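K.L.:
Below are the structure tokens for one structure; questions will follow.
The values are calculated or read from the model by the stated rules, or taken from the named source; none is laboratory data. In this text, all values refer to a predicted model and were calculated from it rather than measured experimentally. As a convention, Cβ positions derive from the backbone with ideal geometry for all residues, glycine included, and neighbour counts pool all protein chains shown.
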Amino acid sequence: MDASKQDALTQIITLAKEHDISIDEIGAQIVNKSLENKDGKWLTKLLGYLGGAFIFGGLGLLTAMIWDDLTSATRVLISYGPGIIAFILGIMTVKDTRYEKASTGLFMTSSVLLPTGMFVFLNEYSDGGDAQLAAMVVFGILALQFLLTFSALKRTSLLFFGFLFWNSALGILMERAYVPGELVGIGLGLSILIFAFNVDKTKHRAISPFYYFIGGMGFLWAMFDIIEDISGLDILYLPVTIFMMMASVRVQSRTLLLVSTFSLLGYLGYFTNEYFADVTGWPVALIILGFLLIGISAQAVKLGQKIPKKA
Amino acid sequence: MKAFLKENSVLIAGITLPLILTAIFFALTQMQIKNVTPPNHSILYATNNNYNHYYKVIIKDEHAYLSIVPLPKNSHHRNYKLPDVYLFDPRSGENKQIQLPVKEQNKERQEILIDELKNIKFSAHAQSPDGFTFTSNYKRNSNLMTEMFGGGYRSRYSYVLKKGNGTIEVPNAARYNTQFIAWTL
């Protein structure tokens, strides 16, 4: 090793000690820089994704082909095993800055394979016959697993899947407690909206648009179901959607604005068809609806401009 | 802890809202079940009986018979399976499967008295003498949330004995495949 290289290494060690930089962090930077410098980065990525998809597709196909020849224990092992390994690898990669980005993919894989494996286990070893109860137990356990891991590692993907499993378990619990479908929709919809609103204020805000979308859709759909059944009072849906549009500006969510605007447009279609289609003729009703749509979309764009773009 | 609760009160309220709804409806359902006095009459019903034009359980002169109706040669109905017939006693909760007489297919119409039920009198009237009816508790109230997170509507695909607001669930009564036969007298 020549003298200049030795000097450089000494300098690196001094700087690392001075700024408390670990060997992993230096390694991660070198790997990331070398990736940035590579030409055809998109091609590498694309081929990487394709390769991954082929491997999973091939493994899935192979499993399906030999499924009937497998024993119960092997079936559980082949479905649950890769899931738990992906989950453990996900945790390990979070702790290693060089592979941090791989953790999301690994957690996503485990979120599919873990429930599959647990359902296979119940199918092979349990003869209760109550599939809904089995689903509630599986999703409940997974919600705990993902949310507890999230509380330790603070990874957004863990929160995303953990909350998804939580709602799956909760929805079944509500169903089994004979909560009417409309109230399941409103209760879960509001709960998800409030969660999205809170998450939006944290560093995990990347998942809030998805939950605003699901929560907003669920809430407005269930509200329409209730109001539609009350004869003559279905006009009450109008203030609900307008309130949601206003709320979307207040919470600064373009996703919620989109959902509530489409919900309002859909409702106007329903309303004109219900009350005006046979009065002065359908074509006139369509013209009125057209003007309303233009007016609402212009208003929605104005409201959208009030919402700042998020990083 | 107090500071955490105060800081996250909205989130906690949002997360607990569905749980509160669950608790309320669970309590209401339990109260409803406790408040119903079960009917004094057992019910005879059949399952696994879809499109069965060959075997039927009928009531004739207050007794239960297995009716066998030969099908015409060109008939497209080909369900030759015996239905599962149950006698459900809502007071004890006992749900007894009834053995039906097995007969060779015959060209002639037959009505065979069901031996296990020969000492019981039945009424094919839809309503029991004390006012209960055998009805589906299915309600078409699905929406995005129930479809995504509902897990398949176990509770809504069943039959109940209903009087006013009170209901008693009938065991083994699948939504699309169950038929009322008669009440005991």
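K.L.:
Taking the conditions exactly as written (surrounded by fewer than 20 Cβ atoms within 10 Å (Cβ to Cβ), more than 14 Å from chain B (Cβ to nearest Cβ) and part of a helix (DSSP H, G or I)), does A:LEU89 satisfy them or not? Explain how you work it out, then say what you get.
P.N.:
Values: surrounded by fewer than 20 Cβ atoms within 10 Å (Cβ to Cβ): yes; more than 14 Å from chain B (Cβ to nearest Cβ): yes; part of a helix (DSSP H, G or I): yes.
So A:LEU89 passes the test.
K.L.:
Does A:THR116 satisfy the criteria of being modelled with pLDDT under 90, among the hydroxyl-bearing types (Ser, Thr, Tyr) and assigned to a helix (DSSP H, G or I)?
P.N.:
It is false that A:THR116 is modelled with pLDDT under 90, among the hydroxyl-bearing types (Ser, Thr, Tyr) and assigned to a helix (DSSP H, G or I).
K.L.:
Same structure again: A:TYR211 - would you say it is among the aromatic types (Phe, Trp, Tyr), in a helix (DSSP H, G or I), closer than 27 Å to A:SER110 by Cα and out of contact with any Gly (no Cβ under 6 Å at 6 or more places or on another chain)?
P.N.:
So A:TYR211 fits the description; yes.
K.L.:
Being over 22 Å from A:LEU265 (Cβ atoms), in a helix (DSSP H, G or I) and not assigned by TED's automatic domain parsing to the domain that holds A:LEU164 is the requirement here; does A:ALA222 meet it?
P.N.:
The answer is no for A:ALA222.
K.L.:
Please find, within segment B:124-158, the residue that is farthest from the other protein chains (Cβ to nearest Cβ) out of those that are modelled with pLDDT of 85 or more and surrounded by 20 or more Cβ atoms within 10 Å (Cβ to Cβ).
P.N.:
Checking each candidate, the answer is B:SER128.
K.L.:
Of all residues in segment B:1-35, which are surrounded by 16 or more Cβ atoms within 10 Å (Cβ to Cβ) and away from chain A (no Cβ under 14 Å)?
P.N.:
Correct list: empty.
K.L.:
Out of the residues in segment A:176-198 that are touching a residue at least 40 places away in the same chain (Cβ under 8 Å) and within 9 Å of chain B (Cβ to nearest Cβ), state the one that is farthest from A:LEU268 (Cα to Cα).
P.N.:
Per the stated criteria, the residue is A:ARG176.
K.L.:
Condition check: more than 7 Å from chain B (Cβ to nearest Cβ), part of a helix (DSSP H, G or I), closer than 22 Å to A:GLY304 by Cβ and β-branched (Val, Ile, Thr). Does A:ILE242 satisfy that?
P.N.:
Against the criterion (more than 7 Å from chain B (Cβ to nearest Cβ), part of a helix (DSSP H, G or I), closer than 22 Å to A:GLY304 by Cβ and β-branched (Val, Ile, Thr)), A:ILE242 qualifies.
K.L.:
Mind checking whether some residue in segment A:262-270 is modelled with pLDDT of 80 or more, over 28 Å from A:ILE207 (Cα atoms), outside any helix (DSSP H, G or I) and not polar (S, T, N, Q)?
P.N.:
no
K.L.:
Let me ask another. Please pick out the residue among B:TYR54, B:TYR86, B:TYR65 that is modelled with pLDDT under 85 and closer than 18 Å to B:GLN179 by Cβ.
P.N.:
That would be B:TYR54, the only listed residue that is modelled with pLDDT under 85 and closer than 18 Å to B:GLN179 by Cβ.
K.L.:
OK, next. If the requirement is being part of a helix (DSSP H, G or I), closer than 22 Å to A:GLU124 by Cβ and of a type in the set (Lys, Arg), which of these qualifies: A:ARG75, A:ARG98?
P.N.:
A:ARG75
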